Amino acid sequence: MGNRSGTGKGAGADAGNDNATRVQLGPFWLAWRAERSEWTICWYDKSARTRRRRGTGVTGGEPGNPPPAAHEALANHYLEWNRPAEPQKPAEAPVAELLTFFLTDHAVHKADSARYGYSVQHLLRFFAEQRRLGFITGGVTVADITKAFVDRFIDFRKGEGVGGHTISRDLAALRGALNHAWRNERIASAPFIREVDSKDKAKPRALVYSHEQIAALLEAAWRIEDRRHVFLYAMIQLSTCGRSEAIMELDADRQISDGLIYFLDPDEDQTSKRRSIVPIAPTLAPWLASAEGRVIRYRVPVAERKWADPAVPEFEERAPEDIGRAFDACLIEAGISRPVLAADGSPVMLPARRKLGETTPRMKLRGQGTPNTLRHTIITEMHKRGVDERQIEMASGHAPIGTNKRNYMHLRPDYLSELIDAVEGFWSDLRRYTTVHLRTQCGPNVIDLAAARATAARQ
C-alpha cells in the first residue's frame, strides 16, 4: 500500500471550522473539541457523506497547537488504518515503506535511533543506484531482496571505503525492518539477509593520531569558519575522553556547571553506554566559558536578500545531527587521507572543478579515521602517560559507578585530578606543533593548572 500521509490545510482548532491550519496524516486530522476540552481525530466518511471523529482523551495545548500526545495518537491511528488487511506478497511490498515503518514504529524507541536512520539513508541511496544501473525497475520490493542484491549492496558500501562492521550495521537495519514487518503481519515472510564475511570485518581498531596529525586536524578545522564546530568537538573530545554522541548532545545551560561537564542530561536515564562527569581541563575552559545551549553548532549562511547590511553576510547557527562529513573534510585538508579505490583497485577520479580553475581530474579522497578516533587517541594517550586505569574508565564511561560515588564522588577536589594533569600535559606537548588550541575569541588565554585547582579547593 502506498504512503498516504501528508500535512494539509483546511480544518481548524474546532472540528467545525475548516478555515484554519490543521495537523493531518492522510485523511485524518486533529481538531479541538471545545465542549469536551479534548483533542479528537477527524476524517470524512465518503460513503456516508459525513464527518467522523474519535476522541483521544488528550487535553492541553491550545487550539491550532496540539500537544505531543495528540500527535502520537494521530500517528497511531494512521498506522492502524494504513496496515494492510492481509500480509502483502513479496512482489507487492515496497521496502522503502517498510523501512519507514520500522523507523517510526520501532527504531525511534531505541537508545541509538539515529544510527538506524543513517543506515536507512545508505540503503535508499543504494536503491536509487540499482534503478539507475537497470538492476531493478520502479521501487524495490521484498521480492528484490535476494542474495545477489545483498552482495551488490556490500560491494557498493565497500566501494565507498566503508568497513565491514559498518556494512553489518546497515544490513542489520534492513534485516530488522523486514523482520519487524513480518512480525506485524505486513508481509507474509521475510527473506534471509546474510551477514558480512568475517574476513571483511576489521580487527579491533588500532588507528590513533600522532601529535602532528592532531595539530594539522585542529588547524584545518579552525581555518574555515564553517567547520569550527569540528574544532570545538575535537577540543572537548581530547580533553574529556567522552563519548561522541554525548559531546554532540551537550547543552551548556543544563550540563556544564561548577567546572564540571555532566555528559548525562539530568532528564535522561543512564544506559549501558554510560555517560560520565568530567572536570573541565584548563586548556578547554576558555572555549566553553561563553557557551549557551547546544555547544556543538555550525553556521548556515542566511539568504543575501535578508541581510540587514547588503555588504555584511549574515549566518544562523544550527545543532548538527552528525559531524562525520565535516570531520572527513577536515581530515582531507589536513592530509590525513587515502584514495578511494574502485572494485578493480584503481583510484576513483573526480571531474575537474572548473569554477576553481581545475583542468584535470583529481583523485577522490577519504579521511583516515572518524570522530571516534579522537576518543581512541586520547584514551591511548592517557594509558601511555600512566594514568590510573580506574580514572580512565570513569572518564570514558567504561566503569560502572555505585549510587554514592555517582552522586558525590565528583564533588571531591581531587576528582580525576591525575587524568586532568595528563590531559594538560598532552596539550602542553602539542605546542611543539601548533598553538591553535590556546586561542580564544579574546586571544591567547593559558591558565595555570595549580592555581586553578587551588581556587577550586577553596570554593
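The values are calculated or read from the model by the stated rules, or taken from the named source; none is laboratory data. Computed from a predicted structure; not experimentally measured. Neighbour counts run over all protein chains shown; Cβ positions are idealised from the backbone, glycine included.
Numbers for the structure displayed
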| quantity | calculated |
| --- | --- |
| Enumeration of residues in the range 157-175 that are free of Cβ contacts under 8 Å to residues at least 40 places away in the same chain and part of a loop (DSSP other than H, G, I, E, B) | VAL162, GLY163 |
| Residue list for the range 21-41, restricted to those being within 36 Å of the chain's Cα centre (by Cα) and surrounded by fewer than 20 Cβ atoms within 10 Å (Cβ to Cβ) | THR21, VAL23, GLY26, PRO27, GLU38 |
| Check on VAL348, in contact (Cβ under 8 Å) with a residue 12 or more places away in the chain, surrounded by 14 or more Cβ atoms within 10 Å (Cβ to Cβ) and not assigned by TED's automatic domain parsing to the domain that holds VAL436 | yes |
| The range 296-317 residues that are aliphatic (A, V, I, L, M), paired with ones that are in a strand (DSSP E or B) (beta carbon under 8 Å, 6 or more apart) | VAL300/PHE315; VAL300/GLU316; VAL300/GLU317; VAL300/ARG318; VAL302/PHE315; VAL302/GLU316 |
| Members of the range 196-211 that are at pLDDT 90 or above and either part of a loop (DSSP other than H, G, I, E, B) or touching a strand residue (DSSP E or B) at 6+ places or on another chain (Cβ under 9 Å) (or both) | VAL208, TYR209, SER210 |
| Subset of the range 270-317 [surrounded by fewer than 10 Cβ atoms within 10 Å (Cβ to Cβ), among the small types (Gly, Ala, Ser) and over 20 Å from the mean Cα position of the chain (by Cα)] | ALA303, ALA308, ALA311 |
| Exclusive hit being more than 25 Å from HIS122 (Cβ to Cβ) and surrounded by fewer than 21 Cβ atoms within 10 Å (Cβ to Cβ), set SER168, SER210, SER198 | SER210 |
| Some residue of the range 328-335 being under 30 Å from THR240 (Cα atoms), outside any helix (DSSP H, G or I) and in the same structural domain as HIS229 (by TED's automatic domain parsing) | yes |
| Of all residues making up the range 46-96, the number that are touching a Gly at 6+ places or on another chain (Cβ under 9 Å) and on the phi > 0 side of the Ramachandran plot | 1 |
| HIS229 vs. criteria within 22 Å of VAL436 (Cβ to Cβ), surrounded by fewer than 18 Cβ atoms within 10 Å (Cβ to Cβ), touching a Lys or Arg at 6+ places or on another chain (Cβ under 8 Å) and at pLDDT 90 or above | no |
| Residue match in the range 63-82 (condition: surrounded by 15 or more Cβ atoms within 10 Å (Cβ to Cβ), in contact (Cβ under 8 Å) with a residue 24 or more places away in the chain, of a type in the set (A, V, I, L, M) and assigned to a loop (DSSP other than H, G, I, E, B)) | no |
| Of the criteria (1) at pLDDT 90 or above; (2) polar (S, T, N, Q); (3) closer than 30 Å to ALA96 by Cβ, which one SER189 fails | (1) |
| Yes/no for GLU317 being over 28 Å from GLY425 (Cα atoms) and in a loop (DSSP other than H, G, I, E, B) | no |
